[in-house]
1. Express the accessible area of the chain per residue in Å², computed with a 1.4 Å probe while the remaining protein chains stay in the model.
2. How charged is the neighbourhood of Gln495? Take every other residue with its Cβ under 11 Å from the Cβ of Gln495, and add Lys/Arg as +1 and Asp/Glu as -1.
3. Quick check on packing: order 422-434, 235-247 by the mean number of other C-beta atoms within 10 Å, highest mean leading.
4. Just to be sure I understand: if I project the alpha-carbon convex hull of region 546-645 onto a plane and average over all orientations, what area do I get in nm²?
5. Show me 192-198, 351-357 ranked by packing, highest mean number of other Cβ atoms within 10 Å first.
6. What area, in nm² and to one decimal, does the C-alpha convex hull of region 577-619 cast on average over all directions?
7. May I ask for the net charge around Tyr551, where only other residues with Cβ less than 13 Å from the Cβ of Tyr551 are counted and Lys, Arg are +1 while Asp, Glu are -1?
8. Apply the a/c threshold of 1.5 to the C-alpha gyration tensor of region 550-604 and tell me whether it is rounded, prolate or oblate.
Amino acid sequence: MKKFLSIILSLFCTYLAAQATKFGKVTLDELKAEHCEKFPEAKAEILACSNEMHYEIIGGSIYLMEKKYFKVKVYDKSTDWVNQEIVAYKNSSEKEEITGFKANSYNLENGKIVKNEVQRKETFKEDATRDYTQYNFTFPNIKEGSIIEWTYTKSSPFIRANDRWYFQYDIPAQNVYFEAAVPQYTYNRIDFRNQIPASDVKTKEQTIDGYPNSVYQIVYNNIQPTYEEPYLFNIEHFRPSIKIEISEISVQGQSDKNYITSWETLNAYLNSSDYFGKHLKTNKIFTEETQKIVTPNMTPSQKLDTIFNFVKSKMGFNGKDRLNFKTPLNQVYNSKTGESTQINFIAIQMLRAAGIEAYPLITSTIQHGYINPQSPTVTDFNHTLVYAKLPNDTVNYYFDASEKRSAINILPKKDIGTFGVILLKDGKTDIIDLKNKSFTKKVTNITAKVDEEGILTGNVNYNSYNYDAFKDQKKWDEGEDNFKSYLATIYQNTQYKELKTKFDEKNKNFSYSFDFQTDEIAQNVNDKIIIEPLVLLQPKTNPFTKESRIYPIQFENKLMYSNKISLQIPENYQVENLPKDLKLTNPEKTISYQIIFKNIGNTLTIQTQFKVDKEIYSADTNYIFKTIFEQIITKESEKIILSKK
C-alpha cells in the first residue's frame, strides 16, 4: 500500500525499552522520593507520559483517536503542573469529544498510599473561542511529594493531523512514549523533529479493525527539561516532537480523498478551498476602492506603498491569526476589523486591482510553531502575509498589513525566524526565509557638562531606524507614562524633563530627546573628579551568563547600535587618566564592538559601536558572545579621572 514519509526514521530491530504506563499504578518508592536525582532543582518530574494514537471508522466516517496519559511527581506544590487543561477543537458542524477522563492525586500518609479522585463534575468547561472548548481541572490535596496522574481519550473528526506530540517539557521526564497506528489505506506524512535522538524507535505491521496498519513506536528516556535562554524566539521549535498528517485516503469501494502530498498540491488545495482561495477571486468592491486611492500616473512602487499604508490604516487587527476563514471579504472590509489573513487578503485584492502581481505568503507565527520546509503540512500554518513582485525588479517585497507598526520588508517579531511559502500562479510555490533585510539601528548622542561637585547636566538625543523604530513607536502607543517607565529602566537614577518624541513613518525613524541631571555618574573625591560616563548607556548585566548553551542564538534583526558622549569638564581641571580604546570581533567578523576615547581641550568624547551582522548564530557561539559582553561591561565601567590644573 502506498506510503509517503517526509523523513527517514532511524529504525531499530530491538524491542522498545518501555510501553505506555497503566493508570493507577503508584509505588511507595515514587511517593517517598524528595527530589529529582538528576535535576534536584526541578519543581516536578514526569515519571511517565504517553500518547497512543489510531484511526477508527465509525458510522462510515474516519475518526482520529488519541489516548493520552501523564504521571507527574510534585516536589514543589507551586508548580504549574498541578493545574491542567484539555483542549477540544470544533467548528460549526463538528467537534472533538473527550471520553475516559480520569485524574487522581496520591499522597503518602502514615506509610500508606492515599488516593484522591478528581470528579468529572469538578472540571470546568470553558468555550474559550469559537474554535475550541477548554476543560480545566485542579488536583485536590496537593503536597510536596504528591503524585498526580490523568488520562483521557480524544475522539476527533478532524483527521488531517494529530496535535503535535512533544517528548520534552519544562520539567525532567523519565519516560515519554508515543505510538501511532496508521492505516495503510492512507498516504501520510510524518514530521518527526528529533533534535535530541530517541532512546528507541520501532515499526511493525498490525491488523486493526480488519485493516492493515503501520505502527510506529518511539520512546524517550531520562530527558532533561527545556531551559529558557536569552535571544531565543520560541523554545517549542527545538523540543523533539512528532506530527502525522494524512495526505490521501484510499479505501476500497470508496472514492479517494486527496489531501497534501507536495507544496504544489498544498497550493492547489488552498486555492480551491471555500475558506481560502475563493476569497481571492476578483471582487468589485476592491476594484472600486483601489481606484479611489491609486492614480494612473503612480509608479508600481508608489502603488505598493499607497495600498499597504491604506489597508494598514483602515483595518484593525482583532488579534486572531488563522489561515482559513468563512466571512466574506467585503463584509470584513466594511467592518474595518479582521483577522490577519483577512486583512492581508484585502491588500492582495487591492494590489491586483492596481495591476500589481501579488500572492498569499503563508507562514506560521512564532507562537504557533516552526515550519519544516521538507514537510508540506497545511496544519503547520496559521497566518498569511502579502508577497508582491514589481515589474523589472528582482527584490522580494512582503509585508503584514495587520500590524500597524510595520513596513514593507520590515515584519513584526511574530512573523520572523521561520519560513514562508508563496502560493504563486499555475500551482507553483516558492519557499523563502522570513527575515528583515535591513539593519536595525539605534543612535544615542549625549551632550553634557560636569561641574566640580560631580553633577552632570545635559541632553539626550536618541534615534532608532527600521525595525527598532517601529518597536519604539509601539511602546509609545502604550501611553506616555508607560514609555517613561521604560526609559527609567535605561537611564537609571536620572532626573529628566522636557521629553519630546517624534515618529517619521516614511523614513522609518523614531526619536526622542530630553534634558537630564544626575549625580550618579561623577563624584568629587579629594579634589579629583571620578567619572563613569557610560553608566547611562552600558549593558547592566551580561545576558550570556552560562558557559554553554543548548539552543541557537536568535536576533530579531541584524543590528548596529552607536553611542556618542560629548562631555565638557570644568575649566580648572585636566584629564589625569583616560581609558584606552578597544576593538573586539569574532573570527568570522560578524560580531564587532569598538570604543574610542578622545580628549581635546576641555571636552571629552566617547564613542561606541556594537554590530551584529547575522540573525542566527549556533549555540557554540555562546562563549564568544559571553566573552564579548564581559569585556564590554568591564571596559565601559572604567573610570575617567580629572585632577585640578
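1. On the way: 30590 Å² over 645 residues.
Computed with neighbouring chains in place, this is 47 Å² per residue.
2. On the way: positive: Lys497; negative: Asp515, Asp519, Glu520.
After counting each charged neighbour, the total is -2.
3. Numbers: 422-434: 14.8, 235-247: 20.2.
Put in order of decreasing packing, that is 235-247, 422-434.
4. Numbers: hull surface 28.8 nm².
Reported value for the Cα convex hull: 7.2 nm².
5. Values: 192-198: 16.7, 351-357: 19.9.
By packing density, highest mean first, the sequence is 351-357, 192-198.
6. Details: hull surface 16.5 nm².
Result: 4.1 nm².
7. Values: positive: Arg239, Lys546, Arg549; negative: Glu228, Glu229, Glu236, Asp620.
It works out to a net charge of -1.
8. Working: a/c = 3.97, a/b = 2.71, b/c = 1.46.
In terms of gyration-tensor shape, prolate.
The values are calculated or read from the model by the stated rules, or taken from the named source; none is laboratory data. Model, not experiment: these values are computed from the prediction. Counting neighbours? That spans all protein chains shown, and the Cβs are built from the backbone with ideal geometry, glycine included. Heavy atoms of the whole protein, side chains included, go into the accessibility calculation; ligands, DNA and RNA do not. Shrake-Rupley method; radii C 1.70, N 1.55, O 1.52, S 1.80 Å.
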